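The values are calculated or read from the model by the stated rules, or taken from the named source; none is laboratory data. None of these values were measured; they are calculated from a predicted model. Positions of Cβ are generated from backbone atoms using ideal geometry, with glycine treated the same way; all protein chains shown enter the neighbour counts.
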Number of protein chains: 4
Amino acid sequence: MSKENGQGKVRVGIVGGTGYTGVELLRLLSQHPNAELVAITSRKEDGLPVADMYPSLRGHVDIAFSSPDKAELTKCDVVFFATPHGVAMAQAKELLDAGVKIIDLAADFRLQDIATFEKWYKIPHNCPDLLKEAVYGLPEIRRDAIRNARIVGNPGCYPTTVQLGLLPLLEGGKNLVDASSLIASCASGVSGAGRKAEISLLFSEASDNFKAYGVAGHRHHPEIVAQLQDLTDQTIGLTFVPHLVPMIRGMHSTLFARILPEARDTDFQKLFEERFANEPFVDVMPAGSLPETRSVRASNTLRIAVHRPDGGDQLVILVVQDNLVKGASGQAVQCMNLMFGLSEDAGLRHIAVLP
Amino acid sequence: MSKENGQGKVRVGIVGGTGYTGVELLRLLSQHPNAELVAITSRKEDGLPVADMYPSLRGHVDIAFSSPDKAELTKCDVVFFATPHGVAMAQAKELLDAGVKIIDLAADFRLQDIATFEKWYKIPHNCPDLLKEAVYGLPEIRRDAIRNARIVGNPGCYPTTVQLGLLPLLEGGKNLVDASSLIASCASGVSGAGRKAEISLLFSEASDNFKAYGVAGHRHHPEIVAQLQDLTDQTIGLTFVPHLVPMIRGMHSTLFARILPEARDTDFQKLFEERFANEPFVDVMPAGSLPETRSVRASNTLRIAVHRPDGGDQLVILVVQDNLVKGASGQAVQCMNLMFGLSEDAGLRHIAVLP
Amino acid sequence: MSKENGQGKVRVGIVGGTGYTGVELLRLLSQHPNAELVAITSRKEDGLPVADMYPSLRGHVDIAFSSPDKAELTKCDVVFFATPHGVAMAQAKELLDAGVKIIDLAADFRLQDIATFEKWYKIPHNCPDLLKEAVYGLPEIRRDAIRNARIVGNPGCYPTTVQLGLLPLLEGGKNLVDASSLIASCASGVSGAGRKAEISLLFSEASDNFKAYGVAGHRHHPEIVAQLQDLTDQTIGLTFVPHLVPMIRGMHSTLFARILPEARDTDFQKLFEERFANEPFVDVMPAGSLPETRSVRASNTLRIAVHRPDGGDQLVILVVQDNLVKGASGQAVQCMNLMFGLSEDAGLRHIAVLP
Amino acid sequence: MSKENGQGKVRVGIVGGTGYTGVELLRLLSQHPNAELVAITSRKEDGLPVADMYPSLRGHVDIAFSSPDKAELTKCDVVFFATPHGVAMAQAKELLDAGVKIIDLAADFRLQDIATFEKWYKIPHNCPDLLKEAVYGLPEIRRDAIRNARIVGNPGCYPTTVQLGLLPLLEGGKNLVDASSLIASCASGVSGAGRKAEISLLFSEASDNFKAYGVAGHRHHPEIVAQLQDLTDQTIGLTFVPHLVPMIRGMHSTLFARILPEARDTDFQKLFEERFANEPFVDVMPAGSLPETRSVRASNTLRIAVHRPDGGDQLVILVVQDNLVKGASGQAVQCMNLMFGLSEDAGLRHIAVLP
């Protein structure tokens, strides 16, 4: 499968390895049995050993950052973009032409509607043709397409939880809940905002505090709506309110969906259990469970609990994941595994770190 | 107004001063210009100077805990119960007979429906007659009744935020939102659970974590529903999901209410601003605001922001308070001020501690 | 005492009110019974109401930031500089000439040795004459000088704890401990680093983490040594290791001093208690106490506990304070009170917020 | 090597698997390539699937807790005791007689001096003979003895950091530092106190707070002193002050040692680097480094940095580890690897989780 290492290992490059999704890719890939890390680029940190920036990698990652022009990314089998929005689409064509597959952890290949992309990300999309062939990298919904993809747009963190939490209710033309009045009240650890020197992300600002943000509009809203709309003929209407939690990692989504009168007899617990029975990274917990974000800390597992308070008409779906793993870098590795015919959980079997 | 101190100061007793609402009462009352702290009871800590348990009070509170039988509570003008549920109702009659007013921070006098009380609190209610005369201590709704009350049932923390966040939408027979499908997705700091030696409240369990709890049923749900029902002829239907946040103090409620077709032209920002214009402790923030719990830390202020995403039919109301102040002890002092004809904000003008 | 408000209130200006010491000054001064806040400058935020930046001040502080040139600081009685190093010394002369007193919370007037200042702060000192008359603002050591000062250099946060923790051992020519081998192992909450957009101060970096910093050299080291040297004829030798703690406010210093053979019979507990018996803001705790930073959170109190493990030769002094109050803004207000003949604890009687 | 599984895997039992060292053993051992988990005992939780108590283990650990009498621990090759002090010594003889090796994570086999044990742990030691053969499980000092041990007393968390941080200075009869005036100012995350329902460990007590504890005496003090004394002919004198940090995992020790006059020319950086050059789990960082606890979170690595401020006579050694891994369960597994002739780092190659 691989171009030249002769060991059957996938040769991996990372563009932009200095942020949190970058260092998480390094943690996962440097322990991956079927991957070989060959290049990490950073224009600013050219020459700096990666482990000098992240001492946690001392003894595990020996290579240095290199500037993008020196990195010889075309010798890789796959390149991950852990970069700001807009970088992947600028470099995609050259890499694809060299036979390199691409997994973008930013938003360049998430939204098929270019106008929507440009509205929310404030940059023009410069490769509409490639966008058309790009696959949205949520394996639980698009596993086969990912297997055959050259370009994967890795989902946003919130969208992963909201889609998987609503999937069994909407897919396949089901009329189980009112798709026009969905509500997602979500909460994220601070690492979800990235490794950016911003006042609002300081410890002294974000600690011992809780707040909503993006209520008037958040980039993940159109992404979620577009993907959910693909699942159903009903018109999706979603109110999405993200909140910032004083924790490093972790994402919790509390989803509210109103059960349609004709679906009142549905066994929703069973519906979810059956839908995800064969999914390696989705854990439908027993009825009555209250999933905690720490139960998935540093692991690629996403856990779901289904509640129907008082047996009424309001479903409450609780979903947790680690925003940096299943919500970002772990999901990207899961996609890589699929794209290269590896075991889907290769390098992703870590048990959550608790406490 | 006072029985014997000759200084016009209200003589105050506290039953159960060792928990978080107790120490917060001590912080507020020992600095209150019109109150004199005369007794704090604790059977277990009889004789222990209060400041030995709470060094933060060294130099400010000189009295010791005394056992309930020695405390001479009947010489007080008012007694606060910062106790487990059931204690206040056992002692209420004797105190009232001695002319002492009562403010209970537990649930004994919150729920007028005895069956509901007994279902949720698992103890019989032993003074139905007193319950009837008890006033629910939310000044923004029942100010005049509180002024004349002998017994006040201080509201729960969640109920305070949910009621004040929905009040302008429901009171006075308005048909602005669908009262049958209200949703409250709330989040509380850990101190809301009290000072109890429970595994789930340990730092190593609650830190760096986020979870929902009480989804199948929470004691504050019937309290909120009963109080909201008093405001409107519509039938209240409320889905209430509380969450636990790794912070000490602070409560944030995200409320969802569906606007009725006939109310689409309402100026909701103005509605809220006008309703609370004269309230000393409710701050309706400018349109677009995102209130943070830290903006009210250690203060008696509750802040509200009104959102209507995309101008659609879903109202999103954000409410923050300090669960130990406006959500408990501060509100109790506010009631005391009303009951004794003091300035409503006496002893409650603290500015929030930020950062 | 005051220039023009006719109410006997000190007219106060603040230069640089956007940082943490600035907002803390605002919290303290806007509740101060003898002070009137007349101007807060910020070049960048000119015209912005202060409460728009800090919603915690809504309803308490009505004025807006003004640019330094418009601020009419010369009409103040006193101006606090909550600015980066170098700002106060640039503006000091003009203000003094107008009869305005100055309290600098930065380092411009802390170090009498100009070479040392310039070595550590990397800027030239441009008013050596004013420096000579400046008084180091630690009231427990220099109360009378502060009363008469026109310029006060407010101490650094670490220096306050280390000096007060060692003061009884060194002052007055005592030979109680070996002054040449003192050790200060200190720990600070993150707010001590200020409100700066730096990666290392992000929640995702500083939370759930502990580290030493500045081991090779820290600006507070020469400040501490110079001040301690003023107390004794022994030559001061101090090893100072600060650490960063994942908490917002709070400072804890663990001081090690070796008892000299001739001092082995000293009653150190008594020594400390007597030294600080009349200090309004120093609390010597009972023998065996273990002070917690939260016991002084948001208050101007500094607590000390004296330990002598196994009755041996090593003294261990534990000191806690709130780095933003006694370690910065509270201490500055304490100095102001002295400079204007007010009660030393005016506006500073806040009880610590616990929990 | 193994008794019956026929796969060359070590058959492992855990007594007391419900605490934090227990769940950490489960995390490590269930992913260990050469170990098979066959029994976990808990009298209280008999029959409860382990993953029901720790959802983080869902999908990874399938067995249930069993009561000690049913557990058939004698069929194991090794049994870990993650129990309160006193349990291992009560069961040791029976297991040893059945050919089972023992690794005790409590203190039963740490202190060779029985009087000292009984003074600090308040229970009689009931198997002095076995104590004599027990080996103190710090591989970096006693690797060969561990290889041949039937009983290992796993070191305390603080002792591991203090010993490894001072080892190169004291072992082999060196006279490099004054061993009589050593100082260890240490800081631990809250999980170090275990999973106990105690008020002082609550989130609302321990968060946003920092304090020293055990200054008058701590159980790890005699353990450290006894072990250090084994390394040198100098008489060890150690002042040990532990502190509690608001973080879950992590331990940081700041060690102070006074350089002897004859050792002033020593290259201490080189001394440490050479001593630990071949140690798989000790990382001597480059000169000037400031190790962070998060750089070893969830990994078995211990990092050391050597400082000599201003080139003076005071050495400052900084040491970090994860208290639950190298400070407890990871070290125990490292010992197991040695006892069974496995690669010393088998099952322990996890990269630290950062951020």
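Things to note:
- Qualifying positions in the stretch B:51-73 - polar (S, T, N, Q) and at pLDDT 95 or above: B:S56
- Residue count for the stretch C:72-89, restricted to those that are more than 28 Å from B:L290 (Cβ to Cβ), of a type in the set (G, A, S) and surrounded by 22 or more Cβ atoms within 10 Å (Cβ to Cβ): 1
- Answer residue from the stretch C:27-44, given it is small (G, A, S) and assigned to a loop (DSSP other than H, G, I, E, B) and is nearest to the other protein chains (Cβ to nearest Cβ) among those: C:S30
- Test: C:D69 is among the charged types (D, E, K, R) and under 27 Å from C:T301 (Cβ atoms): no
- Pick from the stretch A:28-38, criterion free of Cβ contacts under 8 Å to residues at least 40 places away in the same chain and over 19 Å from A:G341 (Cβ atoms), ranking: surrounded by the fewest Cβ atoms within 10 Å (Cβ to Cβ): A:S30
- The residues in the stretch B:98-111 that are farther than 17 Å from B:Q334 by Cα and over 17 Å from the mean Cα position of the chain (by Cα) can be counted, and the count is 3.
- Among (1) in a loop (DSSP other than H, G, I, E, B); (2) without any contact (Cβ under 8 Å) to a residue 40 or more places away in the chain, the one test that C:A90 misses: (1)
- Residue within the stretch B:138-160 that is among the aliphatic types (A, V, I, L, M), assigned by TED's automatic domain parsing to the domain that holds B:Q229 and under 21 Å from the mean Cα position of the chain (by Cα) present: no
- Scanning the stretch C:63-76 turns up no residue that is over 25 Å from the mean Cα position of the chain (by Cα), among the charged types (D, E, K, R), assigned to a helix (DSSP H, G or I) and closer than 25 Å to A:E205 by Cα.
- Taken as a whole, the condition of being farther than 17 Å from C:P155 by Cα and without any contact (Cβ under 8 Å) to a residue 60 or more places away in the chain applies to C:R308.
- Among the residues of the stretch B:176-187, just one is within 16 Å of the chain's Cα centre (by Cα) and facing another protein chain (nearest Cβ under 7 Å), namely B:A187.
- Here C:G172, C:G194 are screened, and the one residue that is over 20 Å from the mean Cα position of the chain (by Cα) and farther than 17 Å from C:P261 by Cα is C:G172.
Listed here are the residues, each with its yes/no results for (1) within 11 Å of A:L202 (Cβ to Cβ); (2) free of Cβ contacts under 8 Å to residues at least 60 places away in the same chain; (3) within 11 Å of another protein chain (Cβ to nearest Cβ); (4) in contact with a strand residue (DSSP E or B) (Cβ under 6 Å, 6 or more places away or on another chain).
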residue: C:G189; (1), (2), (3), (4): no, no, yes, yes
residue: C:R195; (1), (2), (3), (4): yes, no, yes, no
residue: C:L201; (1), (2), (3), (4): yes, yes, yes, yes
residue: C:S204; (1), (2), (3), (4): yes, yes, yes, no
residue: C:N209; (1), (2), (3), (4): no, yes, yes, yes
residue: C:G214; (1), (2), (3), (4): no, yes, yes, yes
residue: C:E223; (1), (2), (3), (4): no, no, no, no
residue: C:L231; (1), (2), (3), (4): no, no, no, no
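- Test for C:K101: is it touching a strand residue (DSSP E or B) at 6+ places or on another chain (Cβ under 6 Å), among the charged types (D, E, K, R) and touching a residue at least 40 places away in the same chain (Cβ under 8 Å): yes
- Residue in the stretch A:209-218 that is crowded, with 18+ Cβ neighbours inside 10 Å and part of a helix (DSSP H, G or I) present: no
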